[in-house]
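Worksheet for the structure shown next.
The values are calculated or read from the model by the stated rules, or taken from the named source; none is laboratory data. Keep in mind the model is a prediction, meaning the values are calculated, not measured. FYI the Cβ positions are ideal-geometry reconstructions off the backbone, even for glycines, and counts take in every protein chain you see. Keep in mind that these areas ignore ligands, DNA and RNA; they rest on the heavy atoms of the full protein, side chains included. Shrake-Rupley method; radii C 1.70, N 1.55, O 1.52, S 1.80 Å.
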Amino acid sequence: MCNHTPAPVVMAFLNALFTAFDDLVEAHGVYKVETIGDCYMVAGGLLKKDADGVNAVTTDPDPRHAHKVLAFAQDMLRVARTMAMPGSGGGCVELRVGVHSGPVMSGVVGRKMPRFCLFGDTVNTASRMES
């Protein structure tokens, strides 16, 4: 797409697509880990609302975490069918969805622009599924 579509058009398209996915994150109670290029990674069962209604890392397993991730993925595919890919003559976005499950370690790293990060073999495997 980037070879034949102007960069501002690509960025506007990705922003619209990822904003729609961000809305699904809230609806399904999953956590958006990151976006790298055109990859969008989420985790299920990582957070829960605390007494104040704020998302907090949980150590209690969520028995529905896999269901939440799969329902999110199904809705991603539904949204993708409604969005035209720039430069495709009206063709819809095509997605590949991969799901991996396992333990992770999380924490805030860095002092300059600190980030909440996930670590571990589960994250590495999920990341490799994208390539």
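Tabulated values for the structure
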{"quantity": "Selection from GLY90, THR122, VAL109, by position along the positive dipole direction of region 89-131 (Cβ)", "calculated": "VAL109"}
{"quantity": "Tilt relative to the chain, helix 7-28 - C-alpha long axis, 0 to 90 degrees, to 10", "calculated": "40 degrees"}
{"quantity": "Helix axis angle, 65-80 relative to the chain longest principal axis, alpha carbon, degrees", "calculated": "10 degrees"}
{"quantity": "Inter-centroid distance (Cα atoms) of region 79-128 relative to region 11-77, Å", "calculated": "10 Å"}
{"quantity": "Two-decimal Rg to Rh for region 41-94 - Kirkwood Rh, Cα set", "calculated": "1.21"}
{"quantity": "List PHE72, PHE18, ordered by accessible area with a 1.4 Å probe, largest first", "calculated": "PHE18, PHE72"}
{"quantity": "Per residue Cα convex hull volume in Å³ - calculated over region 2-119", "calculated": "137 Å³"}
